[in-house]
Amino acid sequence: MTTVLTATRQKFLDPHVTLDGSERARVPFTGLNTLWFNTGTLCNLTCKNCYIESSPTNDALVYLTRAEVSRFLDEAEIMLPRPREIGFTGGEPFMNPDMIAMADDALTRGFHVLILTNAMKPMHHVRAKLAALREAHGDRLALRVSLDGHNAADHEALRGPRSWQPTIDGLTWLAAEGFNIAIAGRTVNGESELEARVGFAALFSRLGLVLDAHDPSRLVLFPEMDLTHDVPEITTACWSILKKSPASVMCSNSRMVVKSKGAPDPHVVSCTLLPYTSDFNMGATLADAARDVSLNHHFCAQFCVLGGASCSA
């Protein structure tokens with residue numbers, strides 16, 4: 001373990017070159033497809049695998065306000081082309097008192113909206129208002145519910161005891177109300193992606209959910225992120241070796257707005273996974289953030305390039 005941590009710390013230090021002196025890979029900005037807002041890191045759960053360390057006490061990223069989000073929506077609205085999707089993540093977004101209003105503002109401007117949620121008590125507190133949004137805007141409002149496994153034991157091993165049934169209750173309520181829903185899951189206990197999808201398919205069938213577990217847009221399976229695992233740095237040569245395009249990496253077409261505790265104003269970061277790392281602070285406006293990103297973090301390799309994951313639809 002110590003050897004792995006030492007090797008990892010020696011990597012991802014220089015934004016231009018890797019530890020062995022190779023040219024570090026960069027991702028060109030191709031245009032903003034998804035604009036994310038981190039509504040704040042406060043959450044009703046403390047999950048073992050939370051990359052952002054959300055919890056009932058972590059307010060390292062404070063609640064964004066409706067006015068702050070509106071300022072960025074103003075800028076997004078006049079971009080050519082403008083973003084297709086506005087995403088809200090957390091923490092648990094429904095703990096933010098402005099969540100419904102922020103989603104309504106984005107939907108009213110004609111954007112698609114995606115809200116990531118654990119579908120537990122914070123969401124239930126606003127069910128009537130949420131149903132009204134769906135009634136007004138239909139499938140342009142989507143919710144992605146987090147299920148860290150297709151059974152209670154695997155889910156609660158990561159999300160804590162008594163977290164499974166409230167999430168299932170919230171998920172089935174969303175389905176019964178006709179919401180556009182998807183699931184965010186993980187492969188756990190060494191199972192393959194196919195095994196995970198088969199397991200989720202069985203769960204969806206038992207719950208009576210009309211969700212295709214083999215459709216990556218309906219069941220998004222994320223790889224694990226672990227800073228104790230040594231991963232290779234991504235060089236410019238990796239694109240051809242992996243037969244992967246830089247345009248397929250999330251930071252080519254998405255950005256996230258965050259507000260750090262104690263900061264007077266929000267700022268834009270290059271990636272939903274890296275809200276705390278100063279190297280990925282892209283500036284105060286979306287225009288500032290319309291530039292290339294150097295893949296100079298462990299998660300760039302483990303999650304986005306080698307893991308092949310994306311938070312967007």
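Coordinate-derived values only; no laboratory data. If you're wondering where the values come from, they're calculated on a predicted model, not measured in any experiment. Every residue, glycine among them, receives a Cβ derived from its backbone with ideal geometry; neighbour counts consider all protein chains shown.
How high is the FRET efficiency between LEU80 and ASP292 when r is their beta carbon distance and R₀ equals 22 Å, given to the nearest 0.05?
Efficiency, rounded to the nearest 0.05: 0.65.
Report the gain in length on full extension from ASP265 to THR172: 0.36 nm times residue separation, minus Cα-Cα distance, nm rounded to one decimal.
29.7 nm
Taking 0.36 nm per residue of separation and subtracting the Cα-Cα distance, what length does fully extending ASP59 through ALA132 add?
Gain on stretching ASP59 to ALA132: 23.3 nm.
In straight Cα distance, which lysines are under 19 Å from LYS121, not counting same-chain residues fewer than 8 positions off?
LYS129
Would you mind calculating the relative contact order of the chain from Cα pairs under 8 angstrom and at least 6 residues apart, reporting the percent as a whole number?
After rounding, I find 25 percent.
Leaving out same-chain residues fewer than 8 places away, which aspartates and glutamates sit with a Cα under 13 Å from that of LYS48?
ASP148, ASP154, GLU156, GLU224, ASP226
Taking 0.36 nm per residue of separation and subtracting the Cα-Cα distance, what length does fully extending HIS214 through ASP279 add?
Separation in residues times 0.36 nm, less the Cα-Cα distance, equals 19.8 nm.
Over region 57-199, what is the relative contact order in whole percent, taking alpha-carbon pairs under 8 Å and six or more residues apart?
Relative contact order, region 57-199: 20 percent.
In debye, nearest 20, what is the charge dipole magnitude of region 31-222 about its Cα centre with +1 on Lys and Arg Cβ and -1 on Asp and Glu Cβ, if you could check?
Computed about the Cα centre, the dipole is about 220 debye.
Across 5 Å bins from the origin, how do the percents of Cα pairs in region 201-295 run, short distances first?
2, 10, 15, 16, 15, 14, 12, 9, 6, 1
Extending each Cα 7 Å along its Cβ direction at LEU207 and THR30, get the distance between those two points in nm, one decimal.
If labels sit at LEU207 and THR30, their model points lie 3.1 nm apart.
Which option, (1) 19.1, 57; (2) 26.0, 89; (3) 21.3, 68, is the value of Rg and Dmax of the Cα atoms in Å that was calculated from these coordinates?
Entry (1).
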